[in-house]
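The values are calculated or read from the model by the stated rules, or taken from the named source; none is laboratory data. Since the model is a prediction, treat every value here as computed from it, not as a measurement. For neighbour counting, all protein chains shown are included, and Cβ atoms are generated from backbone atoms with ideal geometry for every residue, glycine included.
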Amino acid sequence: MHLVIDIGNTAAKLGTFEGDKLLEVAYTNNDTLEALPEVANRYPIKAAIYSTTVDLSDEAMEKIAQLPFPCYKMTSTTPIPITCAYEQPETLGTDRIAAVVGAASINRECLCW
């Protein structure tokens, strides 16, 4: 099982996956990530990844650091299963990179963008 954390401007979404099946989506405050510990303890999660469009508060960073499994930050250098032909991937938002990876996983014929 895996946890995907999408931290946006106004809220954070926590998606729990088993393989490619979405089991649950929880919404929480993007400053406090108050629902994160409860969601993390509800499932046998092996790893998580998070993407953020905002600077994280100390409280949010602490909640991520306290997770009992590895949690990786999505960046422009995170390995992805597609080829990125964009000249400056570091200028792309990680939310957009994640969206393209998600679309490619649905349409397995998509090899580059």
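Just a few scattered comments:
- Hey, Q66 modelled with pLDDT of 90 or more and among the polar types (S, T, N, Q) or not: yes
- Of all the criteria given as (1) touching a Lys or Arg at 6+ places or on another chain (Cβ under 7 Å); (2) more than 18 Å from M1 (Cα to Cα), the one not satisfied by L36 is (2).
- Within the stretch 40-56, residues that are of a type in the set (V, I, T) reach partners that are in a loop (DSSP other than H, G, I, E, B) with beta carbons closer than 7 Å, at six or more positions or on different chains, in the pairs I45/M1; I45/F69; I49/M74; T53/G8; T53/N9; T53/G93; V54/N9; V54/N30.
- If the condition is being of a type in the set (V, I, T), out of contact with any Leu (no Cβ under 8 Å at 6 or more places or on another chain) and surrounded by 12 or more Cβ atoms within 10 Å (Cβ to Cβ), then the stretch 1-36 contributes only T32.
- Some residue of the stretch 64-81 being in a helix (DSSP H, G or I), surrounded by 13 or more Cβ atoms within 10 Å (Cβ to Cβ) and not β-branched (V, I, T): no
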